[in-house]
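Participant: Following this message is one structure expressed as structure tokens.
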Amino acid sequence: MKIGLTGGIATGKSTVAAMLVERGAMLVDADQVAREVVMPGEPALEAVASAFGQAVIHTDGTLDRKALGGIVFNNRDLLAQLENILHPAIRNRMQKRIRQYEEQNPRQLVVADIPLLYETGQEKLYDGVMVVYVPQALQLKRLMERNGIAEEEAQRRIGLQMDIEQKRGRADWVIDNSGSLDETRRQVGDFWKSKGLP
């Protein structure tokens, strides 16, 4: 069984992913894969350099994220161009890794941790979607505390993603992470048992 794991920024997705891994799930992390596909020698990095110029490549051949961010950050067209290069590369590598995990251990749960799962239309690739949920006021508070940012900036970042209530409404399984860690762990355990996972 393979599920997509998503949520909003600062809802505790990494915490829930770690709890699933503790129980034996195999994790494929979109953020980690996103870093892999832009390593020196990767086709996606070469495509980024050819689209945005050598100014986005450090002298050691690695991606200069800051320079690239400066180019695409306030330009929707350029950001879309970058996403058109990176998203297929990330998706292909994730699907390949998921297939490898499924072949190695067909009975085990495979979890794909994808922050923008619904936003990028990937929910159909999985047997179901688990959303890590906290109410937006708590999400805002946690993000401000975690990143040490002002409310306005925190709201802007939250606003870049689909509304958490919408994600919750579309989920196959919801893990409410607004209580204690023990409560979250109990919900993860209930999900695990309900699926009869080893």
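Participant: Just need a number here: residues in the range 147-198 that are more than 17 Å from Ala25 (Cβ to Cβ) and either in a helix (DSSP H, G or I) or in contact with a Leu (Cβ under 6 Å, 6 or more places away or on another chain) (or both).
Facilitator: 21
Participant: Still on this model: So which residues in the range 39-70 are within 23 Å of the chain's Cα centre (by Cα) and surrounded by 14 or more Cβ atoms within 10 Å (Cβ to Cβ), if there are any at all?
Facilitator: Glu42, Ala44, Leu45, Ala47, Val48, Leu63, Asp64, Ala67, Leu68
Participant: Return the residues of the range 153-182 that are at pLDDT below 95 and of a type in the set (D, E, K, R); say none if nothing qualifies.
Facilitator: Glu153, Arg156, Arg157, listed by residue number.
Participant: Mind checking whether some residue in the range 97-116 is surrounded by 15 or more Cβ atoms within 10 Å (Cβ to Cβ), touching a Leu at 6+ places or on another chain (Cβ under 8 Å) and either more than 14 Å from Ile3 (Cβ to Cβ) or among the acidic types (Asp, Glu) (or both)?
Facilitator: yes
Participant: Pick from Ala89, Ala80: which is farther than 30 Å from Leu138 by Cα, surrounded by 15 or more Cβ atoms within 10 Å (Cβ to Cβ) and not assigned by TED's automatic domain parsing to the domain that holds Gly148? Break it down stepwise before answering.
Facilitator: Values: Ala80 fails: surrounded by 15 or more Cβ atoms within 10 Å (Cβ to Cβ).
The unique qualifying residue is Ala89.
Participant: Residues to consider are Ala25, Ala17, Ala49, Ala10; find the one that is among the hydrophobic types (A, V, I, L, M, F, W, C) and without any contact (Cβ under 8 Å) to a residue 12 or more places away in the chain.
Facilitator: On inspection, the qualifying residue turns out to be Ala49.
Participant: Check Thr15, Thr6, Thr62 and return the single one that is under 26 Å from Asn177 (Cβ atoms) and touching a Pro at 6+ places or on another chain (Cβ under 7 Å). Spell out the reasoning first.
Facilitator: Details: Thr15 fails: touching a Pro at 6+ places or on another chain (Cβ under 7 Å); Thr62 fails: under 26 Å from Asn177 (Cβ atoms).
Only one candidate passes the filter, namely Thr6.
The values are calculated or read from the model by the stated rules, or taken from the named source; none is laboratory data. For clarity, every value in this text was computed on a predicted model and none was experimentally measured. Every residue, glycine as well, gets a Cβ built from its backbone with ideal geometry; the counts of neighbours run over all protein chains shown.
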